[in-house]
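Here is the structure we will look at, set down as structure tokens.
The values are calculated or read from the model by the stated rules, or taken from the named source; none is laboratory data. What you see is a predicted model, and the numbers here were worked out from it, not measured in a lab. Cβ placement follows ideal geometry from the backbone for every residue including glycine, while neighbour counts extend to all protein chains displayed. Keep in mind that these areas ignore ligands, DNA and RNA; they rest on the heavy atoms of the full protein, side chains included. Shrake-Rupley method; radii C 1.70, N 1.55, O 1.52, S 1.80 Å.
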Amino acid sequence: MPKEPTRTTRTGAVIRSVREHEEGTRRAVWEWMSSLADSPTAAWGAGLTIAAAIVASLLVIWTRESPRVAVGRVMDETRLVRSDFERRDPAGEAEARDAARNRAPRVYAANTEVLAELQQSLESLPAAVASATTLERLDASLRERFALTPELLLAVQEVEKDGRVWKSTVSQFMGELRQRPVLDEQAFQRALAEGLHTEVVLVLGDGVEVRRPRTEVVNLVADRERRDAMRALARDAGFTGALAQVVVNRVLAEHRPTFRFDETRTAAAQADAAAGVRPVPVRHAAGQVIFKRGDTLTAAQHDLFLTEMDEHARVSSADSVWPRRLGLLGASSAITGGAALYVALFVTRIRRSAGRMISACGILVLTLAAACVSGVVAPGLTGATSSAPIVLTGMIFTIAYGPRVALAFGTLLAMLVALALDQSLGSFCISIAGLLTAAWRLADVRDRRTMITGALGTGIAVALATMLTGVVERPFPQAAREIVTDAVIAGASTLLSGGVTLFVLPLVERLFDVATGLTLIELRDPKQPLLRELQQRAPGTYNHSLNVAAIAEAAADAIGANSLLTYAGALYHDIGKMNKPEYFVENRSGGANKHDRLSPALSLLVIIGHVKDGVELASEFGLPRTLRHFIEAHHGTTLVEYFYHRARAKAIAAVEDAEVDDAESEAHVPDEVEYRYPGPRPQTPEVAIVMIADAVESATRSLPDPTPARIESLVRELATKRLIDGQFDECDLTLRDVNNIVESVSRTMTSIYHGRIAYPTDRAAAGLRA
């Protein structure tokens, strides 16, 4: 009897089995990585990842080291001075310069014409009235200017004939008058009310400047004060009695100011005074508060904050700066590498196309740049400018590649933006809320209304998230008004992002080589040129395509695939048949079969040629690449069985009739590979569904009694044959998906070929009535 294996033997077998499984797993992973490395787009992917990581890191480092506060905003945190420094005090210097300007004396220029006229009038008065015997014999204007009376006239006439003393006294009076300015009312008011100066500068006619107390200026329209001032000047000059009254009367009769305000010289004097202010440095010690949480940032605090950042950067050593920068570089590179790894693992459509990789990478980098630059340039709008670009990117990727890709890219992008702007978890959650809503609402955009309502819903979600985050994280109630304003702006920006997405949809389709729901809706219209041409030239193929589209659409819904894309692809999958419609059985209307006159090899070329012809027509008419794949892959690499068996039968018959030992030299027995479609195989579940629906719709026509059981058996047989043949190896179909497709196609085909009531003929009906 054989010995029973010991416990040690059994344990060793289990260990060897586990190790063999682990080794197989490692080998499979290594082979998968090698296949990625050998891919034609692997070099593009690696280069783009490195470039994107460098650009993203530079943006993140630049943004983190730039000031991001705005005057007038309520601060969310307290900021302290990190190291001692001295700086000029711009606000203090401005105040000192303003004070110097106010202390600078105002400058008044002499009205030389008025002063000269007064002097000439006073000096010539004795000579002018010397011959007058009575007051009435004097000129009226002269009497009026001097307010002469008989007593005053007599007093002037008694002045010595040569007038030397009189002129000397008048000259002295005019000298006093030149230093006692008479100003108009406005200039007088400004002289007394403006500034902190105690003196005024008088510029005389000969360019001489004198300084006088500002209180000595005289108001031209204040008669009493002006009379008192002129009497004092006349008395000081040596005029007494009636002669003093004559001089005062003449000055009071002059209604023009003796000095004018010189704005140009005053401004120059003020500028000189301000320029003479010396800057006084202000010392700021480490630990000094720049601003506190809840403070509304002032211009002075903002200036101090900027200066502190510059001074700290200047005095910081490389040991303290570069570790932080390297950390940011590593984090940014890790996030960028995560995006690249996600593409390599799960996004085949991007991984296999260098153009799509460039487009996706470009959009992500541009979005990050927009969020970073706007956060630095307009820090007061960071709540909107950080989330809106992320949501816009999410909308674009949702429409182009679906919600999963959009959420993955959007989340990684939100992480980069939060890292660059040093945002909190709440701000990150705002972007995620917008991404989730956009992915949910815009997963299937078939009309503009969906786009508008989706953008509106996303805007509301972002606004609510912004408000909730603000209430939780920001100082309340100081920032209550800003919280509401930020929420409204963020919601409006997100709504605007939806409008931008709708506007750039054609560019998105061309950039990513995809077809959106709006385009697919347009392409399924029977009035499209290609469909109208197919209907006219190959009506049988057109009806076949309609049936395949209905069958495939229901199957796509059954497994959660894109039913609209499946329907549109099924409509166009056989457009190549319109070039030679009579060679395809669905277009025959009786008569001889054209393939009877052709060899199996020639018939094969005609049959598989409809794929190439369809691709050329699709390119010529500008069909999206996603629809062209339906045309080129709906047969995959399947075998053209009818002509293969026909060719094989003819070859075998020829061998048997030859009666020679070396039969292969006389007749070639074809191999299966010679009678297969060139491919490619389906790359998406939608194309695989159309492959099954196309085969089932054609095969069911020849079914003698299409009962539900026979239909289901036929559908399962055809699907299994293609599964075993490897036609579904390159698309993401599971066995469960295949089973669900079979069940859906069976139900649809059963509804098409449902049993009908056999209505009696006229003769049978007559017999029944009898």
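Just a few scattered comments:
- Every Cα-Cα pair of the stretch 501-613 was included, and the share exceeding 20 Å stands at 52 percent.
- Look at the alpha carbon pairs under 8 Å that are at least 6 residues apart: their mean separation over the length of the stretch 148-230 gives a relative contact order of 26 percent.
- Take the Cα radius of gyration of the stretch 190-306 and divide it by 2.2 N^0.38 Å, N being the number of residues; the result is 1.86.
- Full-stretch length increase - residue 280, residue 602 - with 0.36 nm per residue and alpha-carbon distance subtracted: 106.1 nm
- Within the stretch 282-315: backbone nitrogen closer than 12 Å to the residue 478 label point (7 Å, Cα to C-beta): 290-298
- Scanning residues 5 or more positions from residue 106 or on other chains, those with amide H under 5 Å from its amide H are 201, with H placed 1.01 Å from N in the peptide plane.
- Efficiency of FRET from Cβ geometry, residue 464 and residue 709, R₀ 51 Å, rounded to 0.05: 0.40
- Each peptide among 611-617, 134-140, 453-459 gets the average number of other Cβ atoms lying within 10 Å of its residues, and from highest to lowest they stand as 453-459, 611-617, 134-140.
- If R0 equals 30 Å, the separation of the Cβ atoms of residue 223 and residue 198 corresponds to a calculated FRET efficiency of about 0.65.
- Count, lysine Cα pairs under 30 Å in the chain, 8 or more residues apart or across chains: 17
- Couplings for the stretch 91-103, taken from phi via the Karplus curve 6.51 cos²θ - 1.76 cosθ + 1.60 with θ = phi - 60°, read 5, x, 5, 5, 5, 5, 5, 4, 5, 5, 5, 5, 7 Hz in order; Gly and Pro are left as x.
- The modelled label-to-label distance for the pair residue 444/residue 87, using points 7 Å beyond Cα in the direction of Cβ, is 5.9 nm.
- Measuring only protein heavy atoms, the 1.4 Å probe finds residue 500 accessible over about 60 Å².
- A 1.4 Å probe, protein heavy atoms only, puts the accessible area of residue 567 near 40 Å².
- Backbone amide hydrogens, once placed in the peptide plane, bring residue 676 within less than 5 Å of 640, excluding anything fewer than 5 places away on its chain.
- As an equivalent ellipsoid, the stretch 335-480 spans semi-axes of 27, 19, 12 angstrom, where each value is the square root of five times an eigenvalue of the C-alpha gyration tensor, largest first.
- Solvent exposure ordering (accessible area, 1.4 Å, most first) of 681, 352: 352, 681
- Hull volume in cubic angstrom per residue (convex hull over the Cα atoms of the chain): 438
- Length gained on full extension, residue 186 to residue 348, computed as 0.36 nm times the residue gap minus the Cα-Cα distance: 50.0 nm.
- Mean residue ellipticity (222 nm) of the chain, computed from DSSP H runs ≥ 4 via -39,500 (n - 2.57), nearest 500: -21500 deg cm²/dmol
- DSSP bridge orientation in the chain - percent antiparallel, rounded to nearest 5: 75
- Largest-first ordering by accessible area, 1.4 Å probe, given options 730, 151: 151, 730
- Nearest-0.05 FRET efficiency for residue 76 and residue 698, computed from C-beta distance (R0 60 Å): 0.35
- Rolling a 1.4 Å probe across all protein chains gives residue 75 an accessible area of roughly 10 Å².
- In the chain, Cα pairs under 8 Å separated by at least six residues give a relative contact order of 12 percent.
- Shown for the stretch 192-304: the carbon plus sulfur share of the solvent-accessible area, taken with all protein chains present and a 1.4 angstrom probe, equals 50%.
- The amide H of residue 290, built 1.01 Å from its N in the peptide plane, has 79, 80, 81 as neighbours under 5 Å, considering only residues 5 or more places off or on other chains.
- The accessible-area ordering, largest first, of the residues 698, 66 stands as 698, 66, per a 1.4 angstrom probe.
- Per principal axis, descending, Cα span of the stretch 394-493 in whole Å: 45, 28, 15
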